[in-house]
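> The structure under discussion is supplied below as structure tokens; questions concerning it will follow.
The values are calculated or read from the model by the stated rules, or taken from the named source; none is laboratory data. Since this is a predicted model, take the numbers as computed values, not measurements. Cβ: placed from backbone, ideal geometry, glycine included. Neighbour counts: every protein chain shown.
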Amino acid sequence: MKILIDAAAAYFYRNTGIGAYGTELLAALNEMDHGFRIDVFTGEDVLPLRAAVTLPGKTDRSFWERAAETRGDIGGYDLCHNIQNGIGLRRAGARLIVTLHDMIPLVMPEFCGSPYLELFRAQSVPAAETADAVITVSRQSKRDILRFSAVREENIHVIYEGPKRRCQKGAKEEAAAFLRRRYGITEPFLLCTGGFNERKNAAGIVRACAAVRRRLPTCSLVFTGGDSPRRRRVVSLAKRLFVDDMLRFPGDVPGEELPFFYRCCAALVYPSFYEGFGLPPLEAAACGAPSVLSRRGALPEIMGAAAVYVDPNDAADIGGAMLRLVADRQFREETAERAFRRSAAFSFADTAAKTAALYENICRRRSVSAPWSIK
């Protein structure tokens, strides 16, 4: 069977959740004995899978406009799999699978900007509704797809993601030395990797810090993500609350360096208002770090009892969880160990195996029902 994966996000949107999904899925498929011929659309070229996985990636902030302009079709494939919410190639074969990661633009449109909000409505939902199968990454996202689209339930397949393979436990002393040398960051610190979109609740974290400041005088808050108007608003809030001296901004941290932050942080603080999966807590867990998480969205589904949960609207609740993980070493270590064991249940090897099984199932369904067979 000939399969084309539209994985442009793996090359032009890499330092994001969708980009990581594409990168890790392709790598895992490349290591499998699946029996397919898999080609990859990189956003510019069509390459064999083995060649495609060696290409470097970047994060282009205009990625969604770029993907939306990919209007042409590439024929001759038994199956096309679009991994970026159906935005990109329209058809490239007899069958189509769309990975629809979440329905955030419809669940919480107030947190989505242009042009992604408009593209999602115009392309993602129609692509999912006409696809032969939809992959999504949590039961929460499946419920949202059923709520906000006409996709049939039997066409939706929940296949979990996993932490990136580089996210694993390592020598903490080496990681701490790297952070001091490269970023001037010293322990103890709480890590915030969600960026500055209002949905990620950076403002809530700052308010939580202010709520417990007197009992947390030596701990810093490390926010990853580049400079932007949203980040400057967070800094302005921190100044008004007199906690700006506690904030550290290492900028856009390369993916290969993020595990050093996970290994050294007292906890990941991730009280997002909504997630369709929530990859950072799972990656932090794989590196041995506990997390403070919102009770909303898919986060409880993914992390189970292996995290500390809070109300994302309650600064005192978030602050209390932060304080306990910093101050209570035994509780921190016990929570981190539960999180690490939880992370072992997720892997992209499993993601790839279940995805390949779906490829086989969808192509066989076509060959059985059609009066001609696929070569």
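> I need the full set of residues from the stretch 2-47 which are assigned to a helix (DSSP H, G or I), farther than 19 Å from Leu279 by Cα and among the acidic types (Asp, Glu), in order please.
none
> Can you name the residue in the stretch 152-184 that is under 25 Å from Ile97 (Cα atoms) and without any contact (Cβ under 8 Å) to a residue 40 or more places away in the chain and, of all such residues, is surrounded by the fewest Cβ atoms within 10 Å (Cβ to Cβ)?
Looking at residues that are under 25 Å from Ile97 (Cα atoms) and without any contact (Cβ under 8 Å) to a residue 40 or more places away in the chain, I get Glu154.
> With the condition kept exactly as written, say whether any residue in the stretch 75-88 is more than 25 Å from Asp252 (Cα to Cα), surrounded by fewer than 19 Cβ atoms within 10 Å (Cβ to Cβ) and in contact with a Gly (Cβ under 8 Å, 6 or more places away or on another chain).
For the stretch 75-88, residues more than 25 Å from Asp252 (Cα to Cα), surrounded by fewer than 19 Cβ atoms within 10 Å (Cβ to Cβ) and in contact with a Gly (Cβ under 8 Å, 6 or more places away or on another chain): present.
> While we're on this one: In the stretch 107-206, which strands (runs of 3 or more DSSP E) lie fully inside it and hold 3 or more residues that are among the basic types (Lys, Arg) and over 25 Å from Gly304 (Cβ atoms)?
Result: empty, no element qualifies.
> Another question, if that's okay. Looking at the structure I just gave you, is Phe242 in a loop (DSSP other than H, G, I, E, B), over 18 Å from Ile185 (Cα atoms), free of Cβ contacts under 8 Å to residues at least 60 places away in the same chain and of a type in the set (Phe, Trp, Tyr)?
In short, yes.
> Among the residues of the stretch 188-232, write down those that are under 14 Å from Val243 (Cα atoms), β-branched (Val, Ile, Thr) and surrounded by 20 or more Cβ atoms within 10 Å (Cβ to Cβ).
Ile205, Val206, Val212, Val222
> So, one more: Conditions: (1) among the small types (Gly, Ala, Ser); (2) farther than 15 Å from Ala315 by Cβ; (3) part of a helix (DSSP H, G or I). Gly255 meets all but one. Number of the miss?
The number of the failed condition is (3).
> If you check Arg341, Arg295, which single one turns out to be surrounded by fewer than 14 Cβ atoms within 10 Å (Cβ to Cβ), modelled with pLDDT of 95 or more, closer than 21 Å to Asp102 by Cβ and of a type outside the set (Gly, Ala, Ser)?
The match here is Arg295.
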